[in-house]
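To start, the structure under review is shown below, and the notes come after it.
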Amino acid sequence: MYNFEVTTLKGHTEGIMSVIFSQDGQTVASASYDKTVKLWDATSGKLIHTLTGHTGAVTSAVFSPLCRTVASGGSDKTVKLWDATSGELINTLTGHTGLVMSVVFLPDGRTVASDSRDDTVKLWDVNTGKLINTLITGYQISNMIFLPDGKIVAFTVSGETIKLWDVHTGELIHTLTGHTAVFSPDGKMVASTYEGTVKLWNANTGKLIYTLTGHTGEILDMIFSPDGKIVASASDDKTVKLWNVNTGKLIYTLTGHTRLVWSVIFSPLCTIVASTSTDKTVKLWNVNTGELIYTLTGRTYSVRNAIFSPDGKIIATASDDNAVRIWKST
């Protein structure tokens with residue numbers, strides 16, 4: 001039986017756009033409409049640094065693989081690099097002409113990518129701040145993801161198709177049907193959502209493997225399990241579905257939310273899947289049995305996203321009540 005202690009991290013003055021753990025699990029970063037990124041001690045909940053400098057809402061923040069640097073992007077059209085230890089601003093990367101939607105470090109930690117409403121993805125050298133390459137799509141971009149080795153980037157254009165590009169050459173490799181996409185952990189498969197279905201594609205050939213049907217509403221989020229054996233999908237039909245990647249068969253339908261399900265995420269050991277909802281709860285489910293384990297309550301607004309710490313013992317959630325909540329299993 002699970003029990004949880006709750007710590008509320010207060011300090012933001014407006015809604016929180018994203019929350020993420022550092023790879024060592026010691027720090028939580030939260031990005032907010034209040035134009036700041038805050039770094040928190042994951043164990044004590046104490047504020048470590050407030051990163052100020054953006055002149056608009058901060059849409060995304062992420063740690064470098066070695067946790068030394070934080071990158072953030074925002075509506076001021078810039079990407080900022082910060083020293084994660086001192087909180088000092090290292091560099092401001094300019095060149096986008098539209099809002100920066102998200103920032104991602106490539107696995108080597110030497111490159112950071114940013115996607116923008118200006119219909120481009122830009123790749124930057126972390127050490128020098130210089131622009132390495134610009135991928136021009138000609139369409140509005142969303143849902144930027146990288147192959148685990150960092151060689152291929154995929155993103156959705158105009159909400160209808162997913163394009164896979166070679167990061168180094170800037171060449172278009174494949175065009176897939178779908179609204180959003182995720183890579184499998186081994187990089188061999190791409191999953192996309194399309195009109196209430198999940199489509200599984202061969203990442204190398206671009207050929208469709210399976211179409212997973214069963215949801216009665218729009219799919220709002222999906223993710224592969226860390227071992228790559230399962231895809232979980234969250235829908236506005238109030239359910240989460242778990243699918244077998246090898247067979248395309250439905251494993252479980254997780255029911256219990258009373259409103260649409262915003263997001264879904266697996267614990268690092270693949271034993272738990274967590275779902276967030278506009279019913280203001282986070283539900284934890286047993287991956288092996290499909291049974292509900294625990295419901296995290298207490299939020300006053302819809303919970304848009306949750307994330308596990310690397311050891312799986314802590315869950316961080318964020319919503320529009322301007323606070324981050326840390327749930328520790330006891």
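We did not get these values from a lab; they are worked out from the coordinates using the rules stated. Given the structure is predicted, the values throughout are model-derived calculations rather than measurements. No Cβ is skipped: glycine too gets one built from the backbone with ideal geometry, and neighbour counts run over all protein chains shown.
Structure above, values below:
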{"quantity": "Extension reserve of the residue 133-residue 47 stretch, reckoned as 0.36 nm per residue once the Cα distance is removed", "calculated": "27.4 nm"}
{"quantity": "About the Cα centre, charge dipole magnitude for the chain (Lys/Arg +1, Asp/Glu -1 at Cβ), debye", "calculated": "320 debye"}
{"quantity": "Cut-off 16 Å (backbone N to label point 7 Å along Cα→Cβ of residue 249), residues of segment 268-297", "calculated": "288-290"}
{"quantity": "Point-to-point label distance, residue 160-residue 94, nm (Cα→Cβ direction, 7 Å offset)", "calculated": "3.6 nm"}
{"quantity": "Potential extension, residue 329-residue 151 segment - 0.36 nm per residue separation minus Cα distance", "calculated": "60.4 nm"}
{"quantity": "Additional length obtainable on full extension of the chain from residue 10 to residue 258, 0.36 nm per residue less Cα span", "calculated": "86.5 nm"}
{"quantity": "Lysine-lysine proximity count for segment 1-136, Cα under 21 Å, sequence distance 8 or more or distinct chains", "calculated": "14"}
{"quantity": "Identified option (computed Rg/Rh (Cα atoms, Kirkwood Rh); candidates (1) 1.00; (2) 0.94; (3) 1.11)", "calculated": "(2)"}
{"quantity": "Per-residue HN-Hα couplings for segment 236-251 [Karplus 6.51, -1.76, 1.60; θ = phi - 60°; Hz; x = Gly/Pro]", "calculated": "6, 7, 6, 10, 10, 10, 10, 10, 7, 5, 6, 10, x, 8, 6, 8"}
{"quantity": "Total formal charge among the other residues, if their Cβ is under 10 angstrom from that of residue 112, Lys/Arg +1 and Asp/Glu -1", "calculated": "+1"}
{"quantity": "Sorted by Cβ neighbour density within 10 Å, fewest at the top, the residues 168, 96, 179", "calculated": "168, 179, 96"}
{"quantity": "For segment 217-289 versus segment 80-152, the gap between their alpha-carbon centres in whole angstrom", "calculated": "29 Å"}
{"quantity": "Label-point separation in nm, residue 311 to residue 83, each point 7 Å along Cα→Cβ", "calculated": "2.8 nm"}
{"quantity": "Residues whose placed amide H lies under 5 Å from that of residue 322, excluding near-sequence neighbours", "calculated": "16"}
{"quantity": "Whole-Hz ³J(HN,Hα) from phi, Karplus 6.51 cos²θ - 1.76 cosθ + 1.60, for segment 170-186, glycine and proline x", "calculated": "x, 7, 6, 9, 9, 10, 10, 7, x, 9, 9, 8, 9, 8, 5, x, 8"}
{"quantity": "Amide H partners (placed H, <5 Å) of residue 84, local residues excluded", "calculated": "69, 70"}
{"quantity": "Local net charge near residue 135, Cβ-Cβ under 12 Å (Lys/Arg +1, Asp/Glu -1)", "calculated": "-3"}
{"quantity": "Phi to ³J(HN,Hα) by Karplus 6.51 cos²θ - 1.76 cosθ + 1.60 over segment 206-220, Hz, x for Gly, Pro", "calculated": "x, 7, 6, 9, 9, 10, 9, 10, x, 5, 9, x, 6, 8, 9"}
